[in-house]
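Asker: Could you have a look at this structure, given as structure tokens, before my questions?
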């Protein structure tokens, strides 16, 4: 087999193809029960009526060891959040309709605080590169490519006022100061000092809310008009709490410990408890957000499970058995993804020995749905040796990734001989080796 097959294989497989694959494979999607104390993202159904607010059907949608935090809604049914992958933090996207997760990007840095850019097919995120540089970037949802948004400011937290204006907390003099930046003009103005991390567009207004910490004894929720810089006091936060979101232009939600609170600016004199999430194992709510339809609530929280308790009843012991199984499943998913990512790294390095090490002796390569192209490790090695030798600019990165049982589905962007291609690749892993690879092309 010559290297041309590998070049043809990485032909355009657009997002419509990816959606079709998701529909075909819906029956495989499962949510692994969380099993260790960690920070994860939870999704709830939300119902509000007059001054009554109810949340239900809480689900851990991240189920991942490491840092899973900073959720935001891309649209009413898709949630962005920062998630740990292979030792760094990347942008994950969760489809609530499919109960599935994909990855948006793969860079050498770690991404935090992902948000949809208004009126664009793009998201933004704070990137912390390995050299310590921290900047705000934009990421194209079609190809994963990124570019710097604000060059001269070390943005820590932010929100979008509109598609041209960002309001952010910038690191200066060992504190966070509030800036409004017009990204087209490249002009930034400082409007407040000593602010917190929670920034939100106030619904049906031309205002942004932020947390002022100028009064150390009482943090305050304030509004700012980014065009004029005028600020106004809205309300006090709960003691020591700086994470809020807006349900509507009169109602604020916030969490403290295991409990969710609301503050109706017209009716409530103080924060009112509306729900307690301790039954889910949640111990501390850290971030909170609501979708535009006001029917979904996402929170990030520290949590624990029954395995963290020293005393158990018989019922607890049964739950422990379930949790042990979940732990093993979660470990398997991590190992499967690690194998595929390690193999991709060897591919990018054009290291044939490291690349072939991850494949079974009877490896089979298919073109979707079932056209066998090559069988056996030696035949595969010959083809890829020619491919690696013939393409000096070879590189690939993952635009989206789904792990289903023993399968890893990658949407990849590949650069080869000066051209860029997109592909969907399905890897199947058996006994720690890749046993089958299926390429999908138009």
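Asker: Spin-label point model (7 Å from Cα, Cβ direction): what's the residue 284 to residue 59 distance in nm?
Answerer: Here the modelled spin labels are 2.8 nm apart.
Asker: Once you order the gyration tensor axes a ≥ b ≥ c over the Cα atoms, which shape class does region 157-251 get: rounded for a/c under 1.5, otherwise prolate or oblate by comparing a/b with b/c?
Answerer: oblate
Asker: Starting from the Cα-Cα distance between residue 352 and residue 49, subtract it from 0.36 nm times their residue separation and give me the gain in nm to one decimal. Don't skip to the answer; put the middle values down first.
Answerer: On the way: separation 303, 0.36 × 303 = 109.08 nm, distance 6.15 nm.
Length difference between fully extended and current span is 102.9 nm.
Asker: For residue 152 paired with residue 174, estimate the spin-label separation in nm (one decimal), with each label point 7 Å from Cα along the Cα-to-Cβ line.
Answerer: Reported label-point gap for residue 152 and residue 174 is 2.5 nm.
Asker: Take the Cβ-Cβ distance between residue 362 and residue 88 as r, set R0 to 22 Å, and report the resulting FRET efficiency rounded to the nearest 0.05.
Answerer: E(calc), rounded to 0.05, equals 0.05.
Asker: Report the label-to-label distance for residue 393 and residue 269 in nanometres (one decimal), using points 7 Å from each Cα along the Cα→Cβ vector.
Answerer: In this crude spin-label approximation the distance works out to 7.0 nm.
Asker: For a label point 7 angstrom out from the Cα of residue 162 toward its Cβ, which stretches of region 226-260 have the backbone nitrogen within less than 17 Å?
Answerer: So the set is 226-230.
Any read-out appearing in this document is the output of simple, stated calculations on the displayed coordinates, not a laboratory observation. It should be emphasised that the depicted structure is a prediction, and the values quoted were computed from it without experimental measurement. Reconstructed Cβ throughout: ideal geometry from the backbone, glycine too, with neighbour counts over all protein chains shown.
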